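Just so you know, all these numbers are worked out from the coordinates, no wet-lab data involved. All values derive from a computational prediction rather than experimental measurement. Quick reminder, even Gly has a Cβ in these numbers, built from the backbone with ideal geometry, and neighbours come from all protein chains shown.
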Amino acid sequence: MDDRDRKELVRQAFLAQQQAYAPYSEFLVGAALLTEDGKIYQGCNIENAAYSPGNCAERTAFFKAVSEGRRDFTAIAIVGNKRGEAGDYCPPCGVCRQVMAEFCKADFEILLAKDTENWKSYTLEQLLPERFTL
Ligand SMILES: O=c1ccn([C@H]2C[C@H](O)[C@@H](CO)O2)c(=O)[nH]1
Ligand SMILES: [Zn+2]
C-alpha cells in the first residue's frame, strides 16, 4: 500500500466518523477497514443508554465485513476525537486489538490519523505482541 492509498483510507475513516452515535461520551470514532481486493468497510462507534451494549468503531467495521464473509484484511484507519474537534491520535482499545488478532496477520497495518495529512502507521504485531489465540 502506498501513501495515496493510506490517505484514501484515512479519508474514509473520517467519513465513517460522521455516522458515530455517541451522545454519552461525545467521543466520535470512525474506522475504515481495507480488504485485499480494495473494498473498504466503514465503521463508527455506537453507544447505548445502558452503556455496556455500546460498540467501538473498529469492531463495527470488522463485524460488518466478517458478516459478509470477508476474512482478508490488510489495513485499518482509525480516527477519533471529542465532538469532532481536532484532537489527538485514537489508538484502538484492547478489545478491538484482540478482534484484529482473530482475523489478521502480524503485518496487518493500523493507521492512526489526526487529519488527512498526519497519520502514524503500526503493525498488529507492534500494538498487540504475544497475542492470545486458540
Ligand atoms: O478504540 C476505540 C476506543 C473507544 N471507542 C469509542 C467507544 C465509546 O463510544 C467512545 C468513548 O470510549 O469511544 C472506539 O470506538 N474505539
Ligand atoms: Zn475498541
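Computed values, structure above
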quantity: Under-5 Å amide H pairs with residue 123, H placed in peptide plane, nonlocal only; calculated: 110
quantity: Inter-site label distance for residue 37 and residue 63 at 7 Å from Cα along Cβ, in nm; calculated: 2.5 nm
quantity: Under 24 Å, Cα to Cα: Lys pairs in the range 3-127, sequence gap 8 or more or different chains; calculated: 14
quantity: At most 14 other Cβ within 10 Å, DSSP loop - GluC sites (Glu not before Pro), the range 13-119; calculated: 26, 36, 68, 85, 117
quantity: Computed P(r) (all Cα pairs; the range 3-127; 5 Å bins; percent); calculated: 2, 12, 24, 26, 20, 11, 4, 0, 0
quantity: Residues residue 133 and residue 25, FRET efficiency given R0 of 25 Å [Cβ-Cβ distance, rounded to 0.05]; calculated: 0.25
quantity: Long-range HN-HN contacts of residue 42 with modeled amide H, under 5 Å; calculated: 33
quantity: Potential extension, residue 50-residue 116 segment - 0.36 nm per residue separation minus Cα distance; calculated: 20.4 nm
quantity: Cβ-placed point charges (K, R +1; D, E -1), dipole of the chain about Cα centre in debye, nearest 20; calculated: 240 debye
quantity: Which of 61, 46, 35, positive extreme of dipole for the range 3-127 (C-beta unit charges); calculated: 46
quantity: In sequence order, calculated HN-Hα J values of the range 10-18 (Karplus, 6.51, -1.76, 1.60; Hz; x Gly/Pro); calculated: 5, 4, 5, 5, 5, 5, 4, 4, 5
quantity: For the range 107-113, Karplus couplings with θ = phi - 60° (6.51, -1.76, 1.60), whole Hz, Gly/Pro x; calculated: 8, 3, 9, 10, 9, 10, 10
quantity: Förster radius 25 Å - calculated FRET efficiency between residue 98 and residue 3 (Cβ-Cβ, nearest 0.05); calculated: 0.30
